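Here the structure is laid out as structure tokens; the discussion comes afterwards.
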Amino acid sequence: GTPQKYDPTFKGPIYDRGCTDVICCVLLVIAIVGYVVVGIVAWTHGDPRKVIYPTDSRGQFCGQQGTPNEYVSRFAFAGADAFTRGPAVSSSPIQICVSKCPDRYLTYLNAYSSSTPGEREYYRHFCIPEFKNLQKAPIEVLKDKECPAMIIPSTPLARRCFPAIRAKKGVIMVGNETTYDDGRGRRRNVTELLEGAKKANVVLETRQLAMKIFEDYTVSWYWIIIGLVIAMVASFIFIVLLRFLAGIMVWVMIVMVILVLGYGIFHCYVEYAKLKGEAGSDVSLKDLGFQTDLRVYLHLRQTWLAFMIILCIVEVVIILLLIFLRKRILIAIALIKEASRAVGHIMMSLLFPLCTFFLLCLCITYWASTAVFLSTSNEAVYKVFNETACQFSGQTCKPETFNTSNITKLCPDAQCLFAFYGGETAYHKYLIVLQFFNVFMFFWLANFVIALGQVTLAGAFASYYWAFKKPDDMPAFPLFSAFGRALRYHTGSLAFGSLILAIVQVIRVTLEYLDHRLKAADNRFAKFLLSCLKCCFWCLEKFIKFLNRNAYIMIAVYGTNFCTSARNAFFLLMRNIVRVAVLDKVTDFLFFLGKLLIVGSVGILAFFFFTQRIKLVQDTAPPLNYYWVPILTVIVGSYLIAHGFFSVYGMCVDTLFLCFLEDLERNDGSAEKPYFMSPNLKKLLKKTNKGQPDA
């Protein structure tokens, strides 16, 4: 590319600019209008209750408040093998809403012949609502599928009744029995019920784990908030100190990270040595397998040995990088100091990520709600089910008119039962297209919001750099001015850049979906090709994000369209590839160390507090089922908070760096072409403005 030439009229971000990429702006507005229409249609047809509540064979919800079935669960049966065979078109399980799941073994024949009236009345609760004739012959009742042939002890799970299967000393049991009467005079092993409820125990254990985690949150939420506030204060103090003590803070940060990792290695060694000789501590992780109670792993020597090895590797890698990059760190410190001054003059920039975060939350909420309503906008479809051969088997029917139709005359045993949720209208046929459009619009709008934040920050920090007398020549409200310019003139350019990135991301999501579907296939060539495509599009996404970020800086400064800005930014960076590779990446590395220091410090503090190892507040820490729940929450939240603060700094450094490269190409330090860079940068690079004192 051609280096930028001197322009005597250029004094920073151009104010006299025009609208760019208008076509993309129009496309974005049309897409948003269409997205709103899709949301309204989905909210009109959708019913999220279908996700939460099960239905009986008539499509009525079980367990929904405000209905006759408010306090009930769903119970399914189909003769003697309700749980050992799945639903089919010719014979589907009868699903009814019951007030309570069965709690005992009982067959209909035993209940019918029982001398205890309560047995028969109890059994009737698991028959269809229309069944009233308790004197009807059992063979006729079972033939008409009015009652199940047998019931077994069951557990309510997500308002559905599942066999209460449990393992005792390796023996599968339901209740306290290993066999059961199937209602037809045969004894069966309870293992035959596993197929029908093979995932019930996993879900049940997961629910129990979730309940314990929820309990931990209820007793520790205020301490978690305190931890996040500490992380926020630490991040803010760290950034404020960078303005005055950037060099010292960077070196202190490096030393602190090394010390934190060193302490982690020491603590792992102490725990590893402490477990020596204890019973069960030498069991390997492979032999132990997966355990829902993660505290079990902390009693194994191998766990602490693995932690210690990982921390040692990280420690060595960081020390080697610091040794080889020690000279470049000084230049990075100068950039951070300059960024600190810029942020200090535009303090509102530290709060701007909250605006971006709020808009992203709106995008996520709208996408998630629209996806739920779209997935639940199917209608109840009823099919003809029968035991004997029937020409109408599997056809769609209407329960309201089924009893008066010819089907019941030609097929006396046929029933019109709820089959699934679907539909045959044009809207239902294109639901998958609407879901795809929903995902695509989510990526487009999310990327647009991020792009808007980047352009706004870039415009504000560019106004600082190109102010010859800092901060006297800066506009009164640089952040709001940059935000207004971005929305007024460059909505189309932001839409263009975010559209390209959204297309690549949607392709990546599609490839991940195909990879998930092909896991069971044995086609090695297809898997290899898919892996290559995933790798290529991952690299493409990273490159587009890098190019977009620098293109947005050029848009904020010069007001050019997206393609021109991307081309100029790319060629400018390629003309200074060595500086880009070293200075920019070293600065990113230092920011990463800053995040690691804040997250590590807050995480260690949370660990000692929630494990009650701080004697001063030992009685204050709440009792927990899993102390890793609040600790992980504090660590993840601290990282997000630190990332929000440092993202402003990162954008500031990138903007100043690009402006710095432009400054070197446009100007030569003469009286006619003075440098706009700060005195510190000029001193570091041995540049001067001839005939003019440094501002």
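Laid out as a table, the results:
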quantity: Any hit, segment 136-157, residues being within 18 Å of PRO54 (Cβ to Cβ), open to solvent by 80 Å² or more (accessible area, probe 1.4 Å) and touching a strand residue (DSSP E or B) at 6+ places or on another chain (Cβ under 8 Å); calculated: no
quantity: Residue, farthest from TYR272 (Cα to Cα), within segment 331-352, restricted to residues that are open to solvent by 30 Å² or more (accessible area, probe 1.4 Å) and in contact (Cβ under 8 Å) with a residue 60 or more places away in the chain; calculated: HIS345
quantity: Pair list, Cβ under 8 Å, 6 or more apart: segment 508-535 residue in contact (Cβ under 8 Å) with a residue 24 or more places away in the chain, other residue open to solvent by 70 Å² or more (accessible area, probe 1.4 Å) and of a type outside the set (Lys, Arg); calculated: ARG508/TRP538; LYS534/GLU512
quantity: Boolean, SER113 is among the hydroxyl-bearing types (Ser, Thr, Tyr), out of contact with any Ser or Thr (no Cβ under 9 Å at 6 or more places or on another chain), open to solvent by 60 Å² or more (accessible area, probe 1.4 Å) and at pLDDT 70 or above; calculated: yes
quantity: Residue in segment 225-246 that is modelled with pLDDT under 75, open to solvent by less than 30 Å² (accessible area, probe 1.4 Å), under 20 Å from THR587 (Cβ atoms) and among the aliphatic types (A, V, I, L, M) present; calculated: yes
quantity: Among (1) touching a Pro at 6+ places or on another chain (Cβ under 8 Å); (2) within 17 Å of GLY34 (Cβ to Cβ); (3) not basic (Lys, Arg) - the single one TYR464 does not satisfy; calculated: (2)
quantity: Conditions (1) without any contact (Cβ under 8 Å) to a residue 60 or more places away in the chain; (2) closer than 16 Å to LEU593 by Cα: number failed by LEU325; calculated: (1)
quantity: Qualifying positions in segment 647-677 - more than 27 Å from ARG567 (Cα to Cα) and open to solvent by less than 10 Å² (accessible area, probe 1.4 Å); calculated: none
quantity: Set PHE609, PHE592, PHE571: member being part of a helix (DSSP H, G or I) and without any contact (Cβ under 8 Å) to a residue 24 or more places away in the chain; calculated: PHE592
quantity: Flag for VAL283 being closer than 30 Å to ILE331 by Cα and surrounded by 12 or more Cβ atoms within 10 Å (Cβ to Cβ); calculated: no
quantity: Any hit, segment 439-450, residues being within 25 Å of PHE657 (Cβ to Cβ) and either open to solvent by 40 Å² or more (accessible area, probe 1.4 Å) or in contact with a Cys (Cβ under 7 Å, 6 or more places away or on another chain) (or both); calculated: yes
quantity: Those residues of segment 636-689 which are without any contact (Cβ under 8 Å) to a residue 12 or more places away in the chain and within 20 Å of ALA482 (Cα to Cα), in sequence order; calculated: none
quantity: Tabulated pairs, segment 460-489, first more than 20 Å from CYS19 (Cβ to Cβ), second charged (D, E, K, R), C-beta under 7 angstrom, 6+ apart or interchain; calculated: TYR464/LYS470; TRP466/LYS11; ALA467/ASP473
quantity: Residue match in segment 472-492 (condition: of a type in the set (Lys, Arg), part of a helix (DSSP H, G or I), closer than 30 Å to PHE461 by Cβ and at pLDDT 85 or above); calculated: yes
quantity: Residue count for segment 548-563, restricted to those that are part of a helix (DSSP H, G or I), open to solvent by 40 Å² or more (accessible area, probe 1.4 Å) and touching an Asp or Glu at 6+ places or on another chain (Cβ under 7 Å); calculated: 1
quantity: Positions within segment 349-400 being under 30 Å from PHE646 (Cβ atoms) and either outside any helix (DSSP H, G or I) or in contact with a strand residue (DSSP E or B) (Cβ under 8 Å, 6 or more places away or on another chain) (or both), in sequence order; calculated: LEU351
quantity: Search result, residues across segment 479-494 that are of a type in the set (A, V, I, L, M) and more than 21 Å from ALA566 (Cβ to Cβ); calculated: LEU479
quantity: Segment 501-526 - residue that is in contact with a helix residue (DSSP H, G or I) (Cβ under 8 Å, 6 or more places away or on another chain) and more than 18 Å from GLN435 (Cα to Cα) and, of those, surrounded by the most Cβ atoms within 10 Å (Cβ to Cβ); calculated: LEU501
quantity: Contacts under 8 angstrom Cβ, first residue in segment 235-263 being within 17 Å of ILE604 (Cα to Cα), partner open to solvent by 30 Å² or more (accessible area, probe 1.4 Å) and small (Gly, Ala, Ser), 6 or more apart; calculated: MET256/SER601; VAL260/SER601
quantity: Residues being open to solvent by less than 40 Å² (accessible area, probe 1.4 Å), of a type in the set (A, V, I, L, M, F, W, C) and modelled with pLDDT of 80 or more - total across segment 369-389; calculated: 3
quantity: Single residue of TYR465, TYR430 found to be out of contact with any Ser or Thr (no Cβ under 9 Å at 6 or more places or on another chain), of a type outside the set (A, V, I, L, M, F, W, C) and either open to solvent by less than 40 Å² (accessible area, probe 1.4 Å) or more than 30 Å from ASP144 (Cα to Cα) (or both); calculated: TYR430
quantity: Restricting segment 404-413 to residues that are in a loop (DSSP other than H, G, I, E, B) and in contact (Cβ under 8 Å) with a residue 12 or more places away in the chain, the residue that is surrounded by the fewest Cβ atoms within 10 Å (Cβ to Cβ); calculated: ASP413
quantity: Residue in segment 585-608 that is of a type in the set (Asp, Glu) and either buried (at least 22 other Cβ atoms within 10 Å of the Cβ) or on the phi > 0 side of the Ramachandran plot (or both) present; calculated: no
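The values are calculated or read from the model by the stated rules, or taken from the named source; none is laboratory data. Fair warning: this is a prediction, and the values are worked out from it, not measured in the lab. Quick reminder, even Gly has a Cβ in these numbers, built from the backbone with ideal geometry, and neighbours come from all protein chains shown. For accessibility, only protein heavy atoms count, side chains too; no ligands or nucleic acids. Shrake-Rupley method; radii C 1.70, N 1.55, O 1.52, S 1.80 Å.
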